[in-house]
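Colleague: I have a structure I would like to understand better, so I am pasting it below and will then ask my questions one at a time.
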Amino acid sequence: MFHFFQDNDNQNNNRKRREPNDPNRDSRNPFRGDNGKQLLLIILSCLMFSLLAYNAASGMRDNNTSEEITYNRFVSMVENNEVKSVEVSNDGTLWVKPVSSSGSTTASYKVVMVGDENGLNELLKGRDITYSKKSVSVGREIISSIVSLVIPLLIFFVGFNFIMRSMGRGGGMMGVGKSKAKLYVQQDTGVTFADVAGEEEAKESMQEVVDFLHNPAKYTSIGAKLPKGVLLVGPPGTGKTLLAKAVAGEAGVPFFSLSGSEFVEMFVGVGASRVRDLFEEAKKQAPCIVFIDEIDAIGKSRDSHYGGNDEREQTLNQLLAEMDGFDSSKALLILGATNRPEVLDKALLRPGRFDRRVIVDRPDLKGRISILKVHAAKVMLDETVDFQEIALATSGACGSDLANMVNEAAILAVKHGRKAVSQKDLLEAVEVVLVGQEKKERIMSKEERRIVSYHEVGHALVAALQKHAEPVQKITIVPRTMGALGYVMQVPEEEKYLNSKKELQAMIVGYLAGRAAEEIVFGDVTTGASNDIEKATQICKAMITQYGMSETFGLMGLARQEDQYLSGKAYMDCGDETAAQVDREIMNMLKAAYEEAKVLLRANRDVLDRIAGYLIVQETITGKEFMRIMNTVISEREQAADPMQSENAEKAEELSDGI
Ligand code: ADP
């Protein structure tokens, strides 16, 4: 457990962070990804077509034009009897056919008339030149307009329509509606069950599936049907993808891997066509495994509670239809992974679809030790390494956190010029993963360092004074990148699955002790306690609304969990008046806990001062140093209060030593 002194700048940063897997992320942007590029290409091609057609039409309109000559040249041509005929159009342009011209259109000249028609008549008078007025061909004008305007438009609409229809049909031109499954097919994942640690129950459930993929006939011969779909449920990073890969690896079958959000696009029908395509491809390669990660992106319930979306619903319908459609004896297994099973459509979960649910939860102490071992097998370790201690310090961490910690530890070992990873590196890596890197360049003022020291020692002292609290492992005032200006690291002596009411109350007092120390010592308070306040309030709320631990409401359940595996947050499920009463009750609990923290700290002000003073100088102290100073100060205090008694105690000790 960590007690943070919250950096004011960083308070809101975490809240603003977007879920990387949010399926709605940028999904409205039509120019996103490959499809956006394709659409752009189509539009550009249409524009090019239009331009070409326009040019062709212009050419048609001016198709008498060959070469433009000056009026003077035309006059000299007339005078030299080189002109056969002259046509004049309304805009004063002359179309001149020379005598040598044999064809009808090729060798003609265009001349802009200078002066008026009388002058021209004068020039041509008495010569053997056919003179006529050019009649404007309405038909030709209309045709040229059609060519320049209507045809490009027609091309655009026909093209667009064709694309839309081909997308609906599956794949088709440019493959907009094509499943990306082919891109993600792996013939050999190279992962086996030995790579997945700490998820024994989940592995056991999957063993049967592997056997089925190995030998479907064994099951089908006695009429047993095997699950078509298995839903892997659990928080992010617990190894769902890894487990799916291990199933494929163990069974030695191809592995298709896609994310639910990859199906859903801006065009309605694309997702459905991708699902069709995926199943077609998978059926060809059966026996195989299709793994759909974040299946909630398409499998969200179709009722309005979670917001509807045509494209998603069509995709889901197609998935349901495909799952019904294939014969399970084909040894095609669909594995879905989600961390929000509660939002999934009921139809997806009924027998014959995802009828088996495998929970891949956060590992327990034993699980964490074995995950650490799996990942540490790839790095050099020295003899100081104790996985038990690391596993105890990482309660609540998932597989990916632990993998990350081992890697961080290896990097730290290299940084410190060591050849093997030591326990110190691993402990430091735990902190790097949980609270970020040390922020060495951050310079805090002397006053701020004093405040942070007292705040942290306040937490640690109250935790040490209450026997229900976990022992203190480390206290530091070195700021970290994830927002903590200082923190206390507490490590439980053993893994706990239950918390008693007294333990929860002790936790609340511990959380508020930092703020209490600030008030007692400085007579003022800072913004540093925001994280503590949030956590203390959460515990109070859960005690009242979920755990039935309040006098006022007794065993009444007043809240329901929103999602079990993601935030674990609960929403109130009671009347407004009750909710207001709950708030008042929370306030009273917090006030009482704060008062208790202040009483404990005032009674031990001497210890608080001594350790805080030491921490300001040292910046980081271990739990052992902390306990040594605390015990020294307490025994000094007792001696000062009753010197006789302590003298007797010393004598008694000497005597017992002699015996
Ligand atoms: P999820 O799909 O549940 O979000 P992943 O399977 O993608 O999690 O896990 C990410 C990484 O974390 C894995 O590649 C692996 O290195 C590590 N990991 C997670 N869980 C385990 C586990 N149970 N055993 C070993 N490694 C694990």
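Where a number appears in this text, it was derived from the coordinates with a stated rule and is not lab data. Everything numeric here is computed off the predicted structure, so don't read it as measured data. We place every Cβ from the backbone using ideal geometry, glycine too, and count neighbours over all the protein chains shown.
Colleague: Can you compute the label reach from Met444? Point 7 Å from Cα along the Cβ direction, backbone N cut-off under 19 Å, restricted to the range 502-531.
Modeller: Only 511-531 fall inside the zone, counting backbone N under 19 Å.
Colleague: Give me Tyr571, Tyr511, Tyr614 ranked fewest to most by other Cβ atoms within 10 Å of their Cβ, as a rough exposure proxy.
Modeller: With the fewest neighbours first, Tyr571, Tyr511, Tyr614 line up as Tyr571, Tyr614, Tyr511.
Colleague: By per-residue mean of other Cβ atoms within 10 Å, what is the highest-first order of 346-358, 192-204, 478-490? Write out the running numbers ahead of the final one.
Modeller: Details: 346-358: 16.8, 192-204: 18.8, 478-490: 23.4.
Top to bottom by mean Cβ count within 10 Å: 478-490, 192-204, 346-358.
Colleague: A further question follows. Quick one: length gained pulling Glu595 to Lys624 fully straight, 0.36 nm per residue minus the C-alpha distance?
Modeller: Between Glu595 and Lys624, full extension yields an extra 7.7 nm.
Colleague: Give me the mean projected area, in nm² to one decimal, of the convex hull enclosing the Cα positions of the range 223-297. Present the calculation step by step, with values, prior to reporting the outcome.
Modeller: Values: hull surface 24.6 nm².
Computing the convex hull of the Cα atoms and averaging its projections yields 6.2 nm².
Colleague: Quick check of the Kirkwood formula: for the range 455-589, what is the inverse mean of 1/r over all pairs of different Cα atoms, in Å?
Modeller: Kirkwood hydrodynamic radius for the range 455-589: 16.3 Å.
Colleague: Tell me the relative contact order for the range 379-464 as a rounded percent, counting alpha carbon contacts under 8 Å between residues six or more apart.
Modeller: 31
Colleague: Please list the equivalent ellipsoid semi-axes of the range 306-407, computed as the square roots of five times the alpha-carbon gyration tensor eigenvalues, in descending order and whole angstrom. Walk me through the numbers on the way to the answer.
Modeller: Values: eigenvalues 324, 53, 28 Å².
Three semi-axes, in Å: 40, 16, 12.
Colleague: Suppose each label sits 7 Å from its Cα in the direction of the beta carbon; what would the Leu47-Gln186 distance come out to in nanometres?
Modeller: Rounded to a tenth, the inter-label distance reads 4.2 nm.
Colleague: What spacing in nm lies between the two simple spin-label points modelled at Ser89 and Lys569, each 7 Å away from Cα in the Cβ direction?
Modeller: 7.2
Colleague: Under the rule a/c < 1.5 gives rounded, and otherwise a/b versus b/c splits prolate from oblate, where does the range 393-513 land using the Cα gyration tensor?
Modeller: oblate
Colleague: Here is a further query. Under a cut-off of 24 Å between alpha-carbon atoms, report the lysines in cross-link reach of Lys133, not counting same-chain residues fewer than 8 places apart.
Modeller: Within the straight-line cut-off, Lys133 pairs with Lys84, Lys97, Lys110, Lys125.
Colleague: How would His375, His459, His214 line up from fewest to most surrounding beta-carbon atoms within 10 angstrom?
Modeller: Working: His375 20, His459 33, His214 14.
Least to most surrounded, the residues fall as His214, His375, His459.
Colleague: Could I ask something else about it? Among all the aspartates and glutamates, which ones have a C-alpha under 19 Å from Lys439's C-alpha, if same-chain residues fewer than 8 places away are not counted?
Modeller: Reachable aspartates and glutamates: Asp7, Asp9, Glu408, Asp425, Glu428, Glu431, Glu447, Glu448, Glu456, Glu619.
Colleague: Checking the a/c ratio against 1.5 first, then a/b against b/c, what shape does the Cα gyration tensor give for the range 371-411? Walk me through the numbers on the way to the answer.
Modeller: Values: a/c = 1.86, a/b = 1.24, b/c = 1.50.
Oblate is the answer for the range 371-411, as a/c is 1.5 or above yet b/c matches or exceeds a/b.
Colleague: Checking the table Lys203/Lys228; Lys225/Lys346; Lys378/Lys424; Lys203/Lys373; Lys366/Lys569; Lys225/Lys366 against a 23 Å threshold on Cα-Cα, which pairs fail?
Modeller: Violating the 23 Å Cα-Cα cut-off are Lys366/Lys569; Lys225/Lys366.
Colleague: Let me know the volume per residue of the alpha-carbon convex hull for the range 449-508, in Å³.
Modeller: Dividing the Cα hull volume of the range 449-508 by its residue count gives 96 Å³.
Colleague: Where does the range 531-591 land on Rg/Rh, using Cα atoms and the Kirkwood Rh?
Modeller: Rg/Rh: 0.95.
Colleague: Further question on the same structure: Using a Förster radius of 51 Å, what is the FRET efficiency between Thr384 and Ala321 based on their Cβ-Cβ separation? Nearest 0.05, please.
Modeller: Between Thr384 and Ala321 the formula returns 0.30.
Colleague: Using a Förster radius of 35 Å, what is the FRET efficiency between Lys330 and Lys366 based on their Cβ-Cβ separation? Nearest 0.05, please.
Modeller: 0.35
Colleague: Moving on to the next point. Over all directions, what mean area does the Cα convex hull of the range 189-256 project, stated in square nanometres?
Modeller: Averaging across all directions leaves 4.8 nm² for the Cα convex hull.
Colleague: Can you tell me the length gained on complete extension of the stretch Ile151 to Glu208, counting 0.36 nm per residue apart and subtracting the Cα distance?
Modeller: 14.3 nm
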